[in-house]
1. If R₀ is 22 angstrom, what is the calculated FRET efficiency for the pair residue 96 and residue 130, using the beta carbon separation as r and rounding to 0.05?
2. Based on the alpha-carbon gyration tensor of segment 26-69 and its eigenvalue square roots a ≥ b ≥ c, which shape applies: rounded if a/c is under 1.5, prolate if not and a/b is larger than b/c, or oblate?
3. Among 34-47, 54-67, how do they line up from the highest to the lowest mean number of other beta-carbon atoms within 10 Å?
4. Quick one: 117, 145, fewest Cβ neighbours within 10 Å first, how do they rank?
5. Using a simple spin-label model with points 7 Å from Cα along the Cα→Cβ vector, what separation in nm is obtained for residue 58 and residue 73?
6. Normalised radius of gyration for segment 79-136, please: alpha carbon Rg relative to 2.2 N^0.38 Å, two decimal places.
7. Over what distance in Å are the Cα centres of segment 110-146 and segment 59-95 separated?
8. In nm, to one decimal, how far is the residue 46 label point from the residue 113 one, both placed 7 Å along Cα→Cβ?
């Protein structure tokens with residue numbers, strides 16, 4: 001995506017780009033240090049994780065982390081693990097633009113669905129997904145600490 005509003009979306013590949021995204025990712029994943037971010041990111045990328053960013057006038061404002069997945073219930077799909085906009089740029093539609101870009105990119109590349117999980121307490125995010133994008137709330141996700 002590259003348009004006249006000074007907004008571009010690109011996949012982050014190089015270490016300097018990934019480091020540039022850390023302060024924004026850290027706003028969502030507050031328990032991460034830069035060291036754990038880089039270590040986990042390296043392992044996640046080996047498993048197919050990609051990080052996309054939306055830039056406004058060359059300023060990184062929003063990031064989304066995703067992977068291609070295949071299973072019986074979502075078929076071939078893109079799973080979004082992370083979607084966050086820098087607190088200084090929230091409510092300007094950047095997250096919406098980045099998510100729309102991912103929807104189009106996923107469809108063009110053969111995805112049947114885009115799926116994601118959202119923390120139970122994040123009611124504003126749930127409203128965003130349901131009202132703006134018609135995501136359906138269709139299951140619960142569980143985990144057990146070991």
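1. The computed FRET efficiency comes out at 0.95.
2. Taking the square roots of the gyration eigenvalues as a ≥ b ≥ c, segment 26-69 is oblate.
3. Packing order, densest peptide first, comes out as 54-67, 34-47.
4. Ranking 117, 145 by Cβ neighbours within 10 Å, fewest first, gives 145, 117.
5. 4.6 nm
6. 1.14
7. 11 Å
8. Going by the 7 Å Cα→Cβ label model, 2.9 nm.
Where a number appears in this text, it was derived from the coordinates with a stated rule and is not lab data. Quantities reported herein were computed from a predicted structural model and do not represent experimental measurements. With ideal geometry, Cβ positions are generated from the backbone for all residues, glycine too; neighbour counts draw on all protein chains shown.
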